[in-house]
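Colleague: I'd like to ask you about the structure that follows.
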Protein chains: 2
Amino acid sequence: MEQAKLILKNHNLKITKTRIAVLKAFLSYNNALSSGELYKSIIRNFDRITIYRTLQSFENSGILHKITSPDGTIKFALCTPHCPSKHHYEKHIHFYCTNCGKIYCDEEFDISELNIKSDFAINSIQIIAEGWCWKCNESKKI
Amino acid sequence: MEQAKLILKNHNLKITKTRIAVLKAFLSYNNALSSGELYKSIIRNFDRITIYRTLQSFENSGILHKITSPDGTIKFALCTPHCPSKHHYEKHIHFYCTNCGKIYCDEEFDISELNIKSDFAINSIQIIAEGWCWKCNESKKI
DNA sequence: TTTTAAATGCAACAATATTGCATTTGCAAA
DNA sequence: TTTGCAAATGCAATATTGTTGCATTTAAAA
């Protein structure tokens with residue numbers, strides 16, 4: 001069985017056209033995607049609202065994690081296999097390219113060692129590094 | 001002269017009613033505020049669009065810095081006096097309360113020492129710690 | 001006081017997200 | 001294979017947030 005269907009099966013989600021299409025998009029891109037990017041350019045002819053709901057159910061199931069981009073758009077990215085449903089282990093950094101707007105996850109960097117003192121009861125820490133991605137850096141040189 | 005007017009003077013901005021009202025709001029609250037919070041509850045009867053433009057000009061002048069909240073809303077917070085116009089020195093952490101949605105700045109923590117390896121050309125790093133603020137923690141205990 | 005560039009206020013518009021509800025569909029059980 | 005039903009879809013309607021254009025008003029310098 002193809003990968004997308006397997007993932008849906010493993011998360012007890014029904015196999016539908018939209019879900020397959022959305023999942024394939026995330027599997028073939030290596031960066032975070034917004035609902036807008038999906039229904040406007042990546043998987044056209046799919047219902048906008050259904051895509052919204054698909055993303056929500058994927059987040060609830062632990063397939064995708066949500067990232068709020070510094071430019072305000074909400075994006076999603078594939079979770080590592082360790083993510084159980086509803087709880088996400090986002091111990092990695094997100095890289096945001098201020099030129100093209102893409103967000104990439106870096107699974108290498110472990111931020112769990114960061115020690116922050118405060119009177120907050122901290123649950124999780126998000127780090128977003130902003131700059132130019134390698135692609136935009138390349139095209140700038142030319 | 002009152003503090004709000006002084007700040008406007010120092011940043012070469014004309015003194016207007018809306019600007020005074022917005023600035024006073026930020027001076028009296030110790031957390032980040034969104035445009036919506038301002039025109040819907042804090043300073044009612046001020047024009048919505050003018051508030052947008054006021055926030056933009058304050059950001060350009062280095063009075064406020066913009067923070068994208070994990071919930072997607074865009075908020076602003078007072079800069080430390082070191083912020084020149086257009087460039088912001090955001091070397092501090094933001095705390096986001098997942099219960100009440102408020103964002104607080106912690107000027108103590110200096111993130112400039114964080115060393116991240118990547119093929120990104122990193123300009124700045126944002127850290128957002130999520131959890132429950134002391135206020136929500138207190139009310140939970142009751 | 002006069003002048004003028006800046007700021008305002010309103011309308012119009014655009015993009016994004018949510019909800020309700022009738023219809024369709026996946027899929028498990030018969 | 002067929003049936004039944006909860007889940008998912010698709011459309012309309014609505015809400016929220018942010019932007020732009022333009023005529024009018026205003027701050028503040030001359």
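Colleague: Among A:64, A:13, A:55, which one shows the highest mean-square fluctuation when chain A is modelled as a Gaussian network with alpha-carbon springs under 10 Å?
Modeller: Result for chain A, Cα springs under 10 Å: A:13 fluctuates most.
Colleague: So which lysines pass the test for residue B:117, namely a Cα distance under 19 Å, with those fewer than 8 places away in the same chain ruled out?
Modeller: A:91, A:102, A:135, B:91
Colleague: Next up: Gap in Å between the Cα centre of the range B:121-142 and the Cα centre of the range B:16-52?
Modeller: Here the answer is 23 Å between Cα centres.
Colleague: Using a ≥ b ≥ c from the Cα gyration tensor of chain B (square roots of the eigenvalues), is it rounded, prolate or oblate, where a/c under 1.5 gives rounded and otherwise the larger of a/b and b/c decides, a/b for prolate?
Modeller: The shape class here is oblate.
Colleague: Also: Springs between alpha-carbon atoms under 10 Å, Gaussian network over chain A: tell me which of A:41, A:118, A:28 tops the mean-square fluctuations.
Modeller: Largest GNM mean-square fluctuation: A:118.
Colleague: Sorted from fewest to most neighbouring beta carbons within 10 Å, what does the list A:95, B:120, A:46 look like? The partial results should precede the final answer.
Modeller: On the way: A:95 25, B:120 21, A:46 16.
The most exposed by this proxy come first: A:46, B:120, A:95.
Colleague: Okay, next question. Take B:8, B:114, A:6, B:23 and order them by how many other Cβ atoms sit within 10 Å, fewest up front. Spell out each step's value before the answer.
Modeller: On the way: B:8 20, B:114 16, A:6 12, B:23 24.
Taking fewest neighbouring Cβ atoms as first place, the list is A:6, B:114, B:8, B:23.
Colleague: A further question on this structure: What 222 nm value per residue comes from the helices of the protein assembly as shown, counting each DSSP H run with n ≥ 4 as -39,500 (n - 2.57) and dividing by all residues, nearest 500 deg cm²/dmol?
Modeller: Taken over the protein assembly as shown, the calculation gives -9000 deg cm²/dmol.
Colleague: Okay, moving on. With springs connecting C-alpha atoms under 10 Å apart, model chain A as a Gaussian network and identify which of A:104, A:39, A:29 has the largest mean-square fluctuation.
Modeller: The residue with the greatest mean-square fluctuation here is A:29.
Colleague: What ranking of A:100, A:105, B:136 emerges when the number of other C-beta atoms within 10 Å of each C-beta is taken as an exposure proxy, fewest first? It would help to have the intermediate numbers written out before the result.
Modeller: On the way: A:100 13, A:105 20, B:136 17.
Placing the least packed residue first, the sequence is A:100, B:136, A:105.
Colleague: Still on this structure, please answer the following. At 0.36 nm per residue, and after removing the present C-alpha to C-alpha distance, how many nm does the segment from residue A:27 to residue A:80 gain when stretched out fully?
Modeller: 17.9 nm
Computed from the coordinates by the stated procedures, all read-outs in this text should not be read as laboratory data. Here the structure is a predicted model, which means the values were calculated and not measured. Positions of Cβ are backbone-derived with ideal geometry, glycine not excepted, and every protein chain shown enters the neighbour counts.
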